[in-house]
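Below you'll find the structure, written out as C-alpha cells, and then a few comments.
What follows is calculated from the coordinates using simple rules that are stated; it is not laboratory data. This one's a predicted model, so the numbers in the text were calculated from it and none came from an experiment. Here the Cβ is made from the backbone with ideal geometry for all residues, glycine too, and neighbour counts use every protein chain on show.
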C-alpha cells in the first residue's frame, strides 16, 4: 500500500530569456508510489532535481503539473484542519543541521516547537517527553539547555531528527541528512535512522547522492537523472547487480575512502 503517490509530476522555473521569459524544466513525467514502512531512496547526482522533488513531496513547492496524494488526500488541494493533519504526519530532516535550527533556541526549545504548534503534549509532561526523544537519538537530559553552537554537526543532526519524530509522523523526508557530516558521524546517523525506522514503524523518503548510504538504508531505490526517473529497484541487491546504464554509471564513479587509493572503482 502506498502512503505517498506522485502522478505525472512536472516542474519548471521561470527563466528570463533574451526577449521573453522562458520555462526552465526541472522535472518531467515523475510517477512514484512510496510503500508504507519502507525507505524509498531517490538517488542521483547534484542537479538531478532531487531536492526540488523532495520539496514537492513536502507540500513546499507546488508542481507545474501533476498530483501529490498523501494518506489518500491531494496534498495541494487540502485545506484547514485536513491540511494541518497532513503536515503533522509529514516531517523532514534537512541537509544542513545548523541552518535548520534557530541558533538562539536551546535543544529543548527546538524540539518543543512542533509540539507547541500542535499542542501535542501537556505542559507538565513536555520536558519528560522531550528528554525521552533526546535519549531515543543518543543524547541526554544534560543536553536540554544547550544551544546549537555547543553541539557537533552529528549531535545537532540528532536534534533535528528528534524534532522530526516529536509529532509521531508517518513519513519523514530525509533530504541529504548526512552529506555535511564526517564519515564516522555519517555511519552513526545511518545506524540511528535504521533503528528508529523499526522502533517507530516509519516510512522514509531518503534523498541522496551517496551510493553507500543508499545501500545501507534503502528498501527501494529510484534513480533520478536530469529530472526524470530512469531506473527503479525494489531491493538493494537488484541495484548492486544491475548493469543498466544509470546504475552502472553511479556505481563505477565511487572513490576509495583513503585518498591514496582514490582510483575509480566499482561497488564491492
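Annotations
- Overall Cα dimensions of the chain, principal axis frame, Å, largest first: 55, 51, 43
- Point-to-point label distance, residue 200-residue 145, nm (Cα→Cβ direction, 7 Å offset): 2.7 nm
- Between residue 129 and residue 79, the simple spin-label model (points 7 angstrom out along Cα→Cβ) gives 3.0 nm.
- The slack between residue 187 and residue 245, meaning 0.36 nm per residue of separation minus the straight C-alpha distance, is 18.1 nm.
- All-pairs Cα distance distribution in region 22-168, expressed in whole percent, bin size 10 Å: 10, 33, 32, 20, 4, 0
- Relative contact order (percent, whole number), region 2-261, Cα cutoff 8 Å, 6+ residue spacing: 25 percent
- For a label point 7 Å along the Cα-to-beta-carbon line of residue 96, residues of region 170-194 with backbone N under 19 Å: 174-182
- Maximal additional length on extending the residue 109-residue 212 stretch stands at 33.7 nm, based on 0.36 nm per residue less the C-alpha distance.
- DSSP-defined beta bridges in region 2-261 - what % are antiparallel, rounded to 5: 55 percent
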